[in-house]
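Just below is one structure, and these are the notes that go with it.
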């Protein structure tokens, strides 16, 4: 079997595996392998084929990683709790509060030190599992 068929079969297998994962990394390597097959078909030496496929794989992986980081991390989901009213169970001496929300108790802190305290506050943000509270809905 000619070398270009091996490259192209490997490329098809990688692109097929990419369809199952959806990460674009295997697609980048599959394209590089297909181009390695083209270089074999054009008569390049084995070392040239390997260098070309390796360099294109690295370039493709870097490009896929940068594209993925730019497109997938930009769409951060807003907190679903923001704007919801909560009932204050008790204020603690350190200024934090014990809050009743969604059928359980949570810790809450004021958004700013000068935020007025009341029996009903509104969630303006979160810090991990701590609710950030404001006097008016955001």
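Read-outs throughout are calculated quantities, based only on the coordinates presented, and are distinct from any laboratory measurement. What you are looking at is a predicted structure, and each value in this text was computed from that prediction instead of being measured. We place every Cβ from the backbone using ideal geometry, glycine too, and count neighbours over all the protein chains shown.
Assorted remarks:
- Between helix 25-41 and the chain: long-axis angle, C-alpha atoms, 0 to 90°, nearest 10: 10 degrees
- Put simply, when 100-108, 52-60 are sorted by average Cβ atoms within 10 angstrom per residue, most first, you get 52-60, 100-108.
- Sorted fewest first by neighbouring Cβ atoms within 10 angstrom, 8, 41 come out as 41, 8.
- With the convex hull drawn around the C-alpha atoms of the range 16-88, the volume per residue stands at 108 Å³.
- Look at where the Cα atoms of the range 98-138 and of the range 9-33 average out, and the two centres are 48 Å apart.
- Taking other C-beta atoms within 10 Å as the exposure proxy, 66, 131 rank 66, 131 from fewest upward.
- Relative to the longest principal axis of the Cα atoms of the chain, the long axis of helix 46-72 lies at roughly 20 degrees.
- Using alpha-carbon coordinates, inclination of helix 3-21 to the longest axis of the chain, degrees: 20 degrees
- Among (1) 149; (2) 107; (3) 160, the entry that matches volume of the Cα convex hull per residue in Å³ as calculated here: (1)
- Descending by average beta-carbon neighbour count within 10 Å, the peptides 10-20, 88-98 line up as 10-20, 88-98, the highest first.
- Burial ordering of 33, 24, fewest other beta-carbon atoms within 10 Å first: 24, 33
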